[in-house]
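Student: The structure's right below; bear with me while I get my questions together.
The values are calculated or read from the model by the stated rules, or taken from the named source; none is laboratory data. As the structure is a computational prediction, the values presented were derived from the model and not from experiment. Note: ideal-geometry Cβ built from the backbone for every residue, glycine included; neighbour counts use all protein chains shown. The area values use the complete protein model at the heavy-atom level, side chains included, leaving out ligands, DNA and RNA. Shrake-Rupley method; radii C 1.70, N 1.55, O 1.52, S 1.80 Å.
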Amino acid sequence: MIGNRGADGCNVVTIKEIAEMQALADEWLRGGSRIGCVPTMGALHEGHVSLVHRARELSERVVVSIFVNPIQFGPQEDYKSYPRPFERDLSLCEENGADAVFIPAPEEMYAVDFQTHVAVEELTTVLCGATRPGHFQGVTTVVAKLFNIMKPNVAVFGAKDYQQAVVIKRMVRDLNFDINIVVAPTVREPSGLAVSSRNNYLSEQEKVEAATLYQALCLGESMIQKGERTAEKIKKAMHHLFDAVPSSRIDYIEIVDADTLQPMETIHKAVLLALAVFIGPARLIDNKVVEI
Ligand code: PAF
């Protein structure tokens, strides 16, 4: 356990070993505390901070995990270049009331002969699951491990990763984890751009262009509110907005049932508008639930 890290006065408890994290969690639970956890891959931003605050409201002890999980990245994806500003992250955790940060090395999490995975089936075949094969299996496997390590009563995830939250809730239900999954709202820049660690990859101009994701969601929402029910027409209008954005490449724009994530052709109940768009080098995702 690393306590006081010195000159900068940052002394949040920093834990690198699984056994040590489990021992601290056991001690907290024996003392009658509820544990709230916030699993992250670091490069923390305002969105993560809001999750820490929510965990703080719901539990006496808060632990943030920072782990860039290799098994949720595809071979052509940004595992190596993913930002890792660990010192800054630790300070942010401390300033925002975390009691501990669990920050293991990849070798601590995955033994060389690791061979067990957790997979949620149908919910991961659509949206990001369709274009990032293996991604959600990597997520559910690491989250299941983190739950066994941090032993939380409550775990907080962000609504920007809507599909991830739905998939994790299903894993928790299907495998009987005794953990309350809380989903906190997406934090946005004034332009509407959802805050994300991957916004770090954008130039100032690309950041302006990236606000088109939110504009497309708002356009879709307003069409539904005005009575449009044909998903294809709405998706087409959302697609068109990106014609004026030279740095964009659409991965998907979908309208799905907000509960099952299955495509909906004629809108007859709450839907999720979801999109993934490359802006320059960054693959950005965003979503909006629209009730009717
Ligand atoms: O949302 C993320 O940052 C990651 O997918 C998570 C949940 C921490 C698992 O690595």
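Student: Restricting the search to region 131-143, which residues are more than 10 Å from the ligand (Cβ to nearest atom) and either in contact with a strand residue (DSSP E or B) (Cβ under 7 Å, 6 or more places away or on another chain) or open to solvent by less than 10 Å² (accessible area, probe 1.4 Å) (or both)? If you could, list the steps in order and put the result at the bottom.
Tutor: Filtering region 131-143 down to residues more than 10 Å from the ligand (Cβ to nearest atom) leaves 131-134, 137.
Passing the criteria: only Thr131.
Student: So for region 49-62 (the condition being in contact with a Lys or Arg (Cβ under 6 Å, 6 or more places away or on another chain) and among the hydroxyl-bearing types (Ser, Thr, Tyr)), does at least one residue qualify? Give the steps one after another, and end with the answer.
Tutor: Filtering region 49-62 down to residues in contact with a Lys or Arg (Cβ under 6 Å, 6 or more places away or on another chain) leaves 59-60, 62.
Imposing the further condition that a residue be among the hydroxyl-bearing types (Ser, Thr, Tyr) reduces the set to 59.
Within region 49-62 (the criterion being in contact with a Lys or Arg (Cβ under 6 Å, 6 or more places away or on another chain) and among the hydroxyl-bearing types (Ser, Thr, Tyr)), the answer is yes, since at least one residue qualifies.
Student: Looking for whichever is within 11 Å of the ligand (Cβ to nearest atom), closer than 20 Å to Ile149 by Cα, more than 13 Å from the chain's Cα centre (by Cα) and β-branched (Val, Ile, Thr) here; the options are Ile35, Ile71, Ile66. Which one fits? Spell out how you get there, then give the answer.
Tutor: Values: Ile35 fails: within 11 Å of the ligand (Cβ to nearest atom); Ile66 fails: more than 13 Å from the chain's Cα centre (by Cα).
Result: Ile71 is the single residue among Ile35, Ile71, Ile66 that is within 11 Å of the ligand (Cβ to nearest atom), closer than 20 Å to Ile149 by Cα, more than 13 Å from the chain's Cα centre (by Cα) and β-branched (Val, Ile, Thr).
Student: Would you point out which residue out of Ala119, Ala111, Ala43, Ala100 is of a type outside the set (Ser, Thr, Tyr), touching a Ser or Thr at 6+ places or on another chain (Cβ under 9 Å) and without any contact (Cβ under 8 Å) to a residue 40 or more places away in the chain? It would help to see each step written out before you state the result.
Tutor: Working: Ala111 fails: touching a Ser or Thr at 6+ places or on another chain (Cβ under 9 Å); Ala43 fails: without any contact (Cβ under 8 Å) to a residue 40 or more places away in the chain; Ala100 fails: without any contact (Cβ under 8 Å) to a residue 40 or more places away in the chain.
Every option except Ala119 fails the conditions.
Student: Kindly indicate whether any position in region 156-178 is part of a loop (DSSP other than H, G, I, E, B), within 12 Å of the ligand (Cβ to nearest atom) and surrounded by fewer than 21 Cβ atoms within 10 Å (Cβ to Cβ).
Tutor: Filtering region 156-178 for residues part of a loop (DSSP other than H, G, I, E, B) gives 175-178.
Narrowing the set further to residues that are within 12 Å of the ligand (Cβ to nearest atom) leaves none.
Scanning region 156-178 turns up no residue that is part of a loop (DSSP other than H, G, I, E, B), within 12 Å of the ligand (Cβ to nearest atom) and surrounded by fewer than 21 Cβ atoms within 10 Å (Cβ to Cβ).
Student: Another question, then. Need pairs with beta-carbon distance below 9 Å; first residue without any contact (Cβ under 8 Å) to a residue 12 or more places away in the chain and within region 228-244, second open to solvent by 60 Å² or more (accessible area, probe 1.4 Å); sequence gap 6+ or separate chains.
Tutor: Nothing qualifies.
Student: Return the residues of region 110-130 that are within 13 Å of the ligand (Cβ to nearest atom), more than 17 Å from Phe177 (Cβ to Cβ) and either basic (Lys, Arg) or surrounded by fewer than 19 Cβ atoms within 10 Å (Cβ to Cβ) (or both); say none if nothing qualifies.
Tutor: Tyr110
Student: Restricting to region 211-246, name every residue that is assigned to a loop (DSSP other than H, G, I, E, B), farther than 22 Å from Gln163 by Cα and at pLDDT 95 or above.
Tutor: Of region 211-246, the ones assigned to a loop (DSSP other than H, G, I, E, B) are 211, 226-229, 245-246.
Still in the list and also farther than 22 Å from Gln163 by Cα: 226-229, 245-246.
The answer is Lys226, Gly227, Glu228, Arg229, Val245.
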